Amino acid sequence: MTNLLSNAGFEEGWWRRTHSGQEFGEIFVPADWIAFWREGGPVPHDPQNTVGYGRPEIHVIDKVSPFLDPPRVRTGQRAVKCFTFYRIHDAGLYQQVDGIEPGSRLRATGWAHAWSSTHDDPHESDGVGRQAFYRLASECAETTAVCNFTFSVGIDPWGGTDPWGERVVWGEGAHIYNAFAQIPPVETVAHASTVTVFVRSCVLWPFKHCDAYFDDMRLEVVAEPWEPLGITIEPEKIVVGQPFEIQASGGSGPYDMVIKLVDDRIFTKPPEVRGDTVILRAVAVEPGTYQGVIAATRANLPFAVEVVPLLTEEPPPASDDFIPPREPYVRTYLLLPPDADDTWMAAVQQSGVWGRYRWTIGGSADDAGIGPKKRRVIAVNPERWGGDLRAFFTRYYPGVEYYPVRAATPAELLRLLRQR
């Protein structure tokens, strides 16, 4: 498979580019790569380390002495050395890669090893001796010299450059000493046409020699079978004003799919990815049939959503379980429409009506209708419910004092409420 990285083996010279934009005399970075590191504390696993993480030295090394015995270059004539002296580091390199097709599944890896020692024998690392050593981080429960160095590879599928950002998908770490071994690969799906590959070395203890060596990085598109598109709509019966959920799966993965459901009578939240599924939450303000499609690279899946009127619901049967109020009181319920988002609630909060009157604030017409004998409902933009809201209360919750209020924007609602 084609390696999408430039200068993947570090053979093509160097520059001094760093994540901060500042150049340092002790940092030589392979061309097309950027150096990054963490500085300072705290150090949770070692509270006595008041110095914290240090800026490492980074060199592009040649296949000459003293890097021949033991070998510090895996292939070709060059590799990268990243090291600290009596200090710990969390550092590495990253490269942004353009021209990626969103939805592509990518795999990144590289080769690395460490010399981790309190002594000066370059063939020996503390805790593992002179042998070539490899162990997955998940298999190393202790915090001893054996686990001092952890190598890992990450991909930011959005193309960001923050190594510690939440969007970076990291592969499993590995403890590798004395000889090159492959860092565990990481796979993810591209969100954008640019992605970023990171290779990282993280050290626990400030040994005399904390030296990391990198070589032969790789990023490739992984060919995977296509899965048929699938859809689930919940709940089974969708009612005006009640939220529902569309779940789409299949294709090349969740980032290969877009759920299209465009209508000015239906409101949606930004889609969410949960595992291999894309989830779209929506609410309709009028009954009807809404057409949609799941669009993917190689196929489309049309679907329809049937929304029934709110007033087709039969009144709930009488119940002996109703608990009356402890003593009579008057309740005012400020009813927000089904398409209201957080900005409308913020407008209500800023108006001060809750502090002045202790109104109940919510978005359920049924919740607004139940309650004490003396109850008022102030309905904001009642036409957004897709039916005659006054008739709804008259039929199901007789005795409600009904007051409609209309506001085109949250700011207008704020102004109206402050006048009360």
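Structural remarks
- Residue match in the stretch 396-404 (condition: touching a residue at least 12 places away in the same chain (Cβ under 8 Å) and under 39 Å from the mean Cα position of the chain (by Cα)): no
- Only one of the numbered conditions (1) modelled with pLDDT of 95 or more; (2) in contact with a strand residue (DSSP E or B) (Cβ under 7 Å, 6 or more places away or on another chain) is violated by ASP162, and that is (2).
- In the stretch 249-298, of all residues being in contact (Cβ under 8 Å) with a residue 60 or more places away in the chain and among the acidic types (Asp, Glu), the one that is surrounded by the most Cβ atoms within 10 Å (Cβ to Cβ) corresponds to ASP256.
- Scanning the stretch 73-129 for residues that are in contact with a Gly (Cβ under 8 Å, 6 or more places away or on another chain) and modelled with pLDDT under 95 gives GLY103, ARG105.
- Residue match in the stretch 135-153 (condition: closer than 20 Å to PHE36 by Cβ and among the hydroxyl-bearing types (Ser, Thr, Tyr)): yes
- Restricting attention to the stretch 366-388 and to residues that are among the hydrophobic types (A, V, I, L, M, F, W, C) and either at pLDDT 90 or above or more than 18 Å from GLU286 (Cα to Cα) (or both), the residue that is surrounded by the fewest Cβ atoms within 10 Å (Cβ to Cβ) turns out to be ILE370.
- First in the stretch 41-58 and surrounded by 16 or more Cβ atoms within 10 Å (Cβ to Cβ), second anywhere and of a type in the set (Phe, Trp, Tyr) and in a loop (DSSP other than H, G, I, E, B), Cβ under 8 Å, 6 or more apart: ARG55/PHE24; ILE58/PHE28
- The C-beta contact set for the stretch 322-340 (first residue part of a loop (DSSP other than H, G, I, E, B), second residue surrounded by fewer than 18 Cβ atoms within 10 Å (Cβ to Cβ), distance under 6 angstrom, 6+ apart or interchain) comprises PRO325/PRO372; TYR329/PRO372.
The values are calculated or read from the model by the stated rules, or taken from the named source; none is laboratory data. For clarity, every value in this text was computed on a predicted model and none was experimentally measured. With ideal geometry, Cβ positions are generated from the backbone for all residues, glycine too; neighbour counts draw on all protein chains shown.
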